[in-house]
Amino acid sequence: MKLSIEKDLIPRVRTLIDEVAHDATEDFSTDLDAEIRNAIIMAAQKMRRDLGRAFLLPLNFTSTLTAGADGSGTATMPDDFGTLVEFQLRGWKQPVTDFIEPGSAEAKQQMHPWTRGSASKPVAMVTLSDNNNSIRYWSAAKQGGTYVHELDHFQYLPIVDDSTDFLPIADEAYDMLLYQSAALLMLSKGETEIAGQLASMGSLTPQQPVAETE
């Protein structure tokens with residue numbers, strides 16, 4: 001489910017805090033919503049690192065493709081791109097799930113027709129620029145002797161930072177995020193005992209840990 005931090009998450013975290021704040025000694029008269037938002041971002045960043053796709057649901061992005069003459073091409077990337085899940089063109093036998101590193105031996109192999117990626121074993125890497133980063137891929141599949149540059153799907157996990165407004169959260173991680181956010185807020189207020197209770201109610205230990213490479 002894709003949830004708004006302002007409309008969906010902050011009110012729910014505030015409700016949790018209201019339920020426990022009667023035992024707190026800290027004054028909650030400051031801009032609480034801004035503090036809750038900061039706590040949500042911090043909790044979401046940790047859960048993204050620890051749980052990966054068990055926390056965030058992959059988002060779909062419709063890239064604009066620009067074809068090269070040799071079967072290679074470039075694809076636009078979303079502004080909130082964080083981690084690749086799958087990038088696949090029509091006709092590819094498998095998706096790209098990891099980018100190669102610019103300047104690596106694999107990247108240098110893409111400069112030669114006999115060693116570059118193909119529709120059977122496609123390869124892609126991120127090309128950095130001052131304006132917008134893009135994906136460079138090798139190579140599109142051929143149909144009738146012509147390279148076909150058509151996107152099948154592009155899925156990714158968004159980055160979580162101070163500009164994040166929405167979070168595509170897995171259903172199972174919803175309560176966990178609320179409790180962890182409330183725990184961080186209470187910890188910032190010096191309410192360590194209450195923070196510990198809230199954190200224990202939203203354990204960050206997944207049933208099956210998910211490894212994720214940044």
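The values are calculated or read from the model by the stated rules, or taken from the named source; none is laboratory data. Keep in mind the model is a prediction, meaning the values are calculated, not measured. Here Cβ is always computed from backbone atoms with ideal geometry, including for glycine, and neighbour counts include all displayed protein chains.
So the values come out like this:
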| read-out | value |
| --- | --- |
| Residue match in the stretch 38-48 (condition: crowded, with 18+ Cβ neighbours inside 10 Å, among the basic types (Lys, Arg) and within 30 Å of Pro11 (Cα to Cα)) | yes |
| Filter pass, Ala124 being in a loop (DSSP other than H, G, I, E, B), in contact (Cβ under 8 Å) with a residue 24 or more places away in the chain and farther than 30 Å from Arg14 by Cα | no |
| Residues of the stretch 83-94 classified as out of contact with any Phe, Trp or Tyr (no Cβ under 6 Å at 6 or more places or on another chain), in contact (Cβ under 8 Å) with a residue 40 or more places away in the chain and more than 12 Å from Val126 (Cα to Cα), total | 6 |
| Any hit, the stretch 85-98, residues being surrounded by fewer than 17 Cβ atoms within 10 Å (Cβ to Cβ) and part of a strand (DSSP E or B) | yes |
| Meets criteria (among the aliphatic types (A, V, I, L, M), buried (at least 16 other Cβ atoms within 10 Å of the Cβ) and under 16 Å from Arg53 (Cα atoms)) for Ala173 | yes |
| Flag for Val148 being touching a residue at least 24 places away in the same chain (Cβ under 8 Å), surrounded by 14 or more Cβ atoms within 10 Å (Cβ to Cβ), outside the structural domain of Glu35 (by TED's automatic domain parsing) and touching a helix residue (DSSP H, G or I) at 6+ places or on another chain (Cβ under 8 Å) | no |
| Among (1) buried (at least 16 other Cβ atoms within 10 Å of the Cβ); (2) over 29 Å from Gln180 (Cα atoms); (3) among the aromatic types (Phe, Trp, Tyr), the one test that Trp114 misses | (1) |
| Selected residue (only one of Gly103, Gly52 is surrounded by fewer than 16 Cβ atoms within 10 Å (Cβ to Cβ) and at positive phi) | Gly103 |
